[in-house]
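Encoded as structure tokens, the structure appears first; notes follow it.
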Amino acid sequence: MVVLKRIKILSLAKIAFFIYACIGFLVSFFIFSYYISEDIFWGQAGRSVVVFIIMNLLTAIVASLLVSLAVGAVGFVFGIMGAYLYNFFSARAGGFIFEIEEVNEKKKTEKKKEVFIKDIVIKKEKKKSN
């Protein structure tokens with residue numbers, strides 16, 4: 001068995017930043033795209049619909065990037081807090097316990113070959129007996 005005693009704080013914070021930033025970008029882009037399509041649907045575009053769509057699409061992308069950075073920063077802070085709390089409590093109560101089993105691929109393939117060879121021998125014996 002393996003016990004996870006500590007988590008590197010900066011490592012978890014970086015992973016949390018990227019996860020939160022990706023989710024923040026996707027969600028905010030769909031929200032901004034919805035509002036752009038709503039403006040087009042209700043005729044707020046004015047004369048040139050193409051210019052309106054391009055400008056608002058660029059605005060949606062830039063706003064989504066800014067929102068994703070802000071959400072990523074929140075994820076970074078929560079990652080730091082989560083790793084710190086885990087390290088604090090695992091030092092007092094013990095960490096997560098994992099049961100890990102090593103798998104030897106060579107043994108698996110040898111067993112498969114043995115079964116396959118036995119099947120061939122059994123099939124040949126059946127043919128001989130017929």
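Here residue 119 clears all of (1) surrounded by 14 or more Cβ atoms within 10 Å (Cβ to Cβ); (2) modelled with pLDDT under 60 except the condition numbered (1).
One line per residue, one yes/no per condition, for (1) touching an Asp or Glu at 6+ places or on another chain (Cβ under 9 Å); (2) assigned to a helix (DSSP H, G or I); (3) modelled with pLDDT under 90; (4) among the hydroxyl-bearing types (Ser, Thr, Tyr):
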site	(1), (2), (3), (4)
3	no, no, yes, no
19	no, yes, no, no
23	no, yes, no, no
46	no, no, yes, no
57	no, yes, yes, no
64	no, yes, yes, yes
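So is residue 109 loosely packed, with under 14 Cβ neighbours inside 10 Å and modelled with pLDDT of 80 or more or not? So residue 109 does not fit the description; no.
I'm checking my understanding of the structure. Among residues of segment 82-91 that are over 18 Å from residue 24 (Cβ atoms) and surrounded by 14 or more Cβ atoms within 10 Å (Cβ to Cβ), which one is nearest to the chain's Cα centre (by Cα)? Out of the qualifying residues, it is 83.
A search for C-beta distances below 6 Å between a residue of segment 71-90 that is over 20 Å from residue 22 (Cα atoms) and any residue that is surrounded by fewer than 14 Cβ atoms within 10 Å (Cβ to Cβ), counting only pairs 6+ apart in sequence or on different chains, returns 87/6; 90/5.
Checked against (1) over 30 Å from residue 11 (Cβ atoms); (2) of a type outside the set (D, E, K, R); (3) modelled with pLDDT under 80, residue 103 passes all but condition (1).
For (1) touching a Ser or Thr at 6+ places or on another chain (Cβ under 8 Å); (2) basic (Lys, Arg); (3) exposed (fewer than 14 other Cβ atoms within 10 Å of the Cβ), each residue gets a yes or a no:
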position: 6; (1), (2), (3): yes, yes, yes
position: 9; (1), (2), (3): no, no, no
position: 13; (1), (2), (3): no, no, no
position: 17; (1), (2), (3): no, no, no
position: 21; (1), (2), (3): yes, no, no
position: 25; (1), (2), (3): yes, no, no
position: 28; (1), (2), (3): yes, no, no
position: 34; (1), (2), (3): no, no, yes
position: 37; (1), (2), (3): no, no, yes
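The values are calculated or read from the model by the stated rules, or taken from the named source; none is laboratory data. As the structure is a computational prediction, the values presented were derived from the model and not from experiment. Cβ atoms come from the backbone with ideal geometry, glycine included; neighbour counts cover every protein chain shown.
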